[in-house]
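The values are calculated or read from the model by the stated rules, or taken from the named source; none is laboratory data. Values in this document were obtained by computation on a predicted structure and should not be read as measured data. Positions of Cβ are generated from backbone atoms using ideal geometry, with glycine treated the same way; all protein chains shown enter the neighbour counts. Just so you know, the surface numbers come from the protein's heavy atoms only, side chains and all, with ligands and any DNA or RNA stripped out. Shrake-Rupley method; radii C 1.70, N 1.55, O 1.52, S 1.80 Å.
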Amino acid sequence: MKLQNITFACESPVELAQFWRDALGYVELDVPPEVMEQVQASIDAGELDATGWGMAVPPDGVGPRLLFQRRPKTPTESIPIHLDLNADDREGEVQRLVGLGATVVETKSHRIGTFTETWTVMREPEGNGFCVQ
């Protein structure tokens with residue numbers, strides 16, 4: 001078994017999918033033309049909301065896809081799962097993400113013996129938390 005999708009309930013799925021594509025270097029889902037024709041027909045008929053979902057997928061196809069759907073969501077403070085991002089240059093990555101629309105909540109450190117782990121708690125444009133270390 002492998003993890004295929006991580007689904008997020010959000011208010012602005014298209015915009016949030018774009019934020020995470022930019023943040024993670026993910027790309028839009030490549031939909032085959034014959035499927036896209038059916039999707040477009042459903043949109044034209046008013047059966048499907050083109051702004052009701054967005055997706056971000058790894059460019060090499062390895063790793064989970066992120067699916068964003070317009071749905072009621074819980075308060076951002078009580079979300080039981082968030083993404084942890086690992087960067088070679090944490091401070092540089094934090095600044096890049098701020099430029100994409102994220103906000104910094106705080107930077108924390110934890111020391112165990114001689115090892116110190118430092119991470120920055122952030123919020124993406126809809127207020128959901130994530131960390132960069």
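Which residue out of GLU91, GLU124 is surrounded by 10 or more Cβ atoms within 10 Å (Cβ to Cβ), of a type outside the set (Lys, Arg) and under 19 Å from LEU16 (Cβ atoms)?
Numbers: GLU91 fails: under 19 Å from LEU16 (Cβ atoms).
None of the other options fit; the residue is GLU124.
Can you name the condition, by its number, that ARG70 falls short on among (1) open to solvent by less than 70 Å² (accessible area, probe 1.4 Å); (2) touching a helix residue (DSSP H, G or I) at 6+ places or on another chain (Cβ under 7 Å); (3) under 17 Å from ILE6 (Cα atoms); (4) at pLDDT below 90?
Here ARG70 clears every test but (1).
Only one of (1) touching a strand residue (DSSP E or B) at 6+ places or on another chain (Cβ under 6 Å); (2) open to solvent by less than 60 Å² (accessible area, probe 1.4 Å) fails for VAL39. Which number is that?
Exception for VAL39: condition (1).
Filter region 26-63 for residues that are assigned to a helix (DSSP H, G or I) and small (Gly, Ala, Ser) and give the result.
Applying the first criterion (assigned to a helix (DSSP H, G or I)) to region 26-63 yields 33-44.
Correct list: ALA41, SER42.
Within region 1-25, count every residue that is aliphatic (A, V, I, L, M), part of a helix (DSSP H, G or I) and over 13 Å from GLN69 (Cα atoms). Lay out the reasoning, then the answer.
Within region 1-25, the subset aliphatic (A, V, I, L, M) is 1, 3, 6, 9, 14, 16-17, 23-24.
With part of a helix (DSSP H, G or I) added as a condition, the list becomes 14, 16-17, 23-24.
Restricting the remaining residues to those that are over 13 Å from GLN69 (Cα atoms) gives 23-24.
Here the count works out to 2.
Suppose we filter region 1-33 for residues that are open to solvent by less than 70 Å² (accessible area, probe 1.4 Å) and either of a type in the set (Lys, Arg) or touching a Phe, Trp or Tyr at 6+ places or on another chain (Cβ under 6 Å) (or both); how many remain?
Total satisfying the criteria: 6.
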